[in-house]
Every structure is written in structure tokens, then in C-alpha cells.
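Rule-based calculations on the coordinates, nothing more; no lab input. Not measured: the values here are computed from a predicted model. A quick note on method: Cβ atoms are made from the backbone with ideal geometry, for glycine too, and the neighbour counts reach across all protein chains shown.
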Amino acid sequence: MRTYAGIAASPGYALGPVYPVARRVIRASRRVITDADVPAEIERFRAAVRKARDQIQALVKRLDTELGSDEGEILGSQLLILEDELVWDATQAVIRLERINAEAAFSRAVGDIIARFMQMEDQTFRERITDLKDVEQRVLRAFPGHAPAALQPPPEPAIVSAGNLAPSDTAALGRTNILGFVMDEGGSTSHVAILARSLGVPAVVGLRGQAVRLRAGQEVAIDGNEGRLMVEPDSATRDQLLLLTRKQVVVNQKLAKLKDLPAVTPDGHRVRMMANIEVPLEVSEALARGAEGIGLLRTEYLFFQHGTIPTEDEQTAVYGEVVRRMAGRPVVFRTLDVGGDKVSDYLGAKREYNPFLGWRGIRFSLANRALFKTQIKAIYRASAEGPTKLMFPMITGVDELRQAKGVCEEALAELAAEGAAHGRPLEVGIMVETPSAVLAADLLAAECDFFSVGSNDLIQYTLAMDRGNARVSYLYQPLHPAILRSIAQVVAAGHAAGIWVGICGEMGSETRLAEVLLGLGLDEISTHGAALPKIKQVIRWTGLDEARKLVAELMELATAGEANEHLAAYIAERKRARQETEQES
């Protein structure tokens, strides 16, 4: 047996034969044309786009039938690419100016967009390159003489392997006989990962060449929880996997019953359970998991997806749709957070020597007030559709907060003058993710309506470590005494000022930390959708006094290592006690 580590993209376990999938990549050959050929080439391009659009629309309808309308939106985003005026204009301009055939001109236009996405350091947005490549191949296949054979679903239950799968490829395979996916490329937020979760099958991606080496019919096992691929598993591994699968079915059935139940401790203390989302199609998953609202809506994707700065109307349409679909549940919009690991040159956020300490977050927005005000106006307009809150990233002190609130006042005045419908007032809060915000929490709390702890950056900045640097990754310790004390200080300052305090970083999605967050006194926990019911279950098991006692014990320990050991022992004892109780009952 050989084991390979990848990225856990969709949870669950699967055991079965390999079904390799490979689609021939079309390379557009370059052919010189004459002036007289230009109109015909432009028409060939338009005809190919129309055909590709029809094919995608057919796949969208198929997804609507099999998975529901929200999953169809994944391919719907590709229709937007086909309809993008920049793609149309650039392709036709290349045909006219360079006198080359339509296939080559289109590939050139798409290649320019892909090059722009490749310059972005944020993995979430780099993964969208798959969409662009998929659109390019679909259009190229729509030209006469290029159509390859359609992908066929597995004839028997199998695990699909590929270098990568475009969303339309996954849709073409359907859902019959698919036990899971293993891919060499992709990430946990890619469209294929989202589709795999919708299908309810495990997926492991980022296997760096191991998936394409698998042979048809070869038996493999995948662990979508840990991100592992096991090739030709031994009998012990097979038995363990089957046992884990049965246990997971039972656990999921129990967790599903919590969907409409609140996160209330046995002694009556309630915590709001929210979801973090990046794209609108994640709304359905959040609601399916029982989210009481959106605790963090990252707005960067809309900007990066467009490749240009979206207009106020475009932003309002997307934001308003999310608010409408949440049906009265609150949505917290984090304003644009570029810079650091999120760079987009067309926005003017350049790469810097030390980007995490540079021009990012609220610093960038305040330096680009017109862009910032446009986004604020769009969020206020969207708030007419339902309860909405506004949150500023990377706040380090009161001066930045006051400036940002000043932009909000300007935006409201302009909307009133224009007669535009908008909601008012909005709760305005900040991300607490810098040591200075922690130390000045009492001053900041006096001038905003809520705090949301961004634990990822708070840990990074407090412990002086780059969370993207493998050499210092061992320093990323949520239970470091400085982190626990920082969060406790923020909660105390917020509550003293009468405002609520939540958390929306990765700490909120770690099941083992649920009792800790409860004991720290957080009013709201915002998680990834899949983690939400697990965190809710722990809260419903744990008394507030018990959680506070645990936190007090952790705060007395001198190192993160000691805290981790103490928490592990606590969780093990709790698990043993629950099992005894269940056996007695």
C-alpha cells in the first residue's frame, strides 16, 4: 500500500476502482488570414461562442435537475465569461489587427486574462483559472472539426481520477456510479470541490501528479477528511475505512437533526452560529447546515472575478441577491481586503517587500476613497433587501475607524440625494486582527457596534510569523497564551461597552476549540459550512461554567504545547464520559 497526502476538498471516505478521466486539450493553431477573411473569421468566432453558450446552458439545466439551482450557478459564471465584452472586443480586435484566425485570437484573449489571474497570490482566485481554461476549451471545441468524444460516466461504481476536472466535465460525468474524486490540481474552494460536496462524495485534490499515474481498475481508498489517497490498500486499511464510513453515516444523520436547533448550552447560554462565505452559491450550503446568518462575506471575489472594478450597480445586484436568499437572516459584509496575500494589479495594490505589513485592508480602501465609497453605497443599497451589517478589515486604531465611518456618512448622503433605496441604520463593526486593535479594544468598542475576531491574522501578527511560510508554520498556535489572553481582552472590552463579539477566523471552524471559544465568552461563531453543525453540537453538550473553567485552566499554562496537551486530555475525558452515559441509557 502507498499513501499520498493531498488537500481535503470534500469530506467522507471511499473505496473502489479507479476511473481515469482525460480530455484532449485543444491547442489553437495560428493561421494568417487576409483582409477579406476578417468578417468571416469574426462570424466563425461568434458562432462558436453561441454553440458553447448553448452547451453550457444545457449543462446548467441538467445540474438544476440533479443537484438544485444553486449548483447550476457554478456553470452560470462561465456564461458571464462568454458574455464579457472584454473577451468579445479583445478577440475581434486581435482578428482585425493581427490578421489571424478566430481560434488563435480567442486563445490569445483568454490567455491575457489567465495571465492576470496568475499574478494574484490568493489561492482562491487562482483556482478560478480552471473556469477560464474550461471556457476556452469549450469554445475551441465548438469550432468545426475540433469536437472530441463526450466524457462518459463510470460504467460501475468507481473513484474518478484526473489531472484536473473543469466544472462542465464534472457535470458531464453526472452523479451515477461516482464514489469520489482524486485530482492533481485544484483546492478546497475550487468549483469542483464545491460540486463534490454537493454530490455528497469525498474528494482529495492537490496530489501533484499522483492522480494521473493511477491505472484504470486499480483499487484505491480516499480519506476526504484528512486529504489522503491510499493506493492498493491492505486489508486492515480497507476494514478501517468501511468502519469509518459506517460511523460517518451515523454521525451525519445525528448532526442533520441539529439544523433547526439553536446552539444553546445545557445551562441556557446561547451562541449565534453563522457561516463564512466567499461566493453566492455557498449560501445554500450555509442554510442547509443551519446557519443563522452570514458572519463573514468576503467581497474580494467579485472584484477579482470581473478583472475590472465592478460598478455600483453590479455590486448591488450581487450583494442584494445574497441578502434576499438569506431570507431575513443577517449578512455581515467585510469591505474589500486586498494587499498582503490578495493582490490585484488593476486595483492598484502592488506587491511589496513585506506585504502583510504593507498597504492592505482598510489602508488601501481609505487611500482609494472613490472605490471604497462605491462599495459602501452598494452595500447600503443591498441592505434594503434585508438585515445587513458592515465590517472593516485591518483596523489598527480609532482614527482609521472614524475615517471609514466618515466615508459611510458621505455614501449615505449621496444615496439620499440620488433618491436610491437603501437600508439604514447599519451596524458597523471591525475585524480585530492586529495587536494594536487588541490593546485599544476599549477605545474602539466605544465607536463601533461589534467586534469580529479574525484569528488567522491575529495569530500571525501577535506571534510574528508568516502563516504562509512553511519554515515557521509550527508557530501557528491558536492556544498560545498570548492569543487566548488577546481574545479574552477583546471580549471583555466589547462587553463592557455593550457590544457583541464574534469570531470569523479558522479558530471558529476547529471542533476541538469549540469549548474554548464558548468559555472565552464569544457571542457569535462564524465557521465554514461543513464545520457548523459540529461546533453547534459541542456547544449544546457543554455548560458555560464548565467551558469557563477550562479556559481558566488553559490561561494558567505557560506554553501552547502544554495547552494543547491539557485540551486533548479534557476532550478525551469528555468523550469517555459521554460514551458511558450513552451505554447506561
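Please list 521-532, 413-424, 96-107 highest first by mean number of surrounding beta-carbon atoms within 10 Å per residue. Please list the in-between numbers first.
Numbers: 521-532: 23.3, 413-424: 12.7, 96-107: 20.6.
Highest mean packing first, the order is 521-532, 96-107, 413-424.
Which lysines, on any chain, are close to K405 with Cα under 16 Å apart, when same-chain ones fewer than 8 places away are left out? Once the sequence-local lysines are set aside, what remains near K405 is K373, K377, K389. When each of the peptides 243-251, 389-397, 326-334 is scored by the mean number of other C-beta atoms lying within 10 Å of its residues, the order from highest to lowest reads 389-397, 326-334, 243-251. Each part reduced to its alpha carbon centroid, the stretch 314-337 and the stretch 513-585 end up 32 Å apart. Here the Karplus curve 6.51 cos²θ - 1.76 cosθ + 1.60, taken at θ = phi - 60°, turns the phi angles of the stretch 523-529 into couplings of 8, 9, 10, 10, 10, 5, x Hz, with x standing for Gly and Pro.
Name all residues of the stretch 389-418 having a backbone nitrogen under 15 Å from the label point set 7 Å from the Cα of L371 along its Cα→Cβ direction, giving them as ranges. Of the residues in the stretch 389-418, 393 have backbone N under 15 Å from the label point off L371. Working note: Cα atoms of the stretch 1-54, range along each principal axis, descending, whole Å: 62, 24, 20. Peptides 215-223, 575-583, 559-567, 259-267 ranked from most to least packed by the mean count of surrounding Cβ atoms within 10 Å: 215-223, 559-567, 259-267, 575-583.
Each label point was placed 7 Å from the Cα along the Cα-to-Cβ direction; for A216 and D260 their separation is 4.8 nm.
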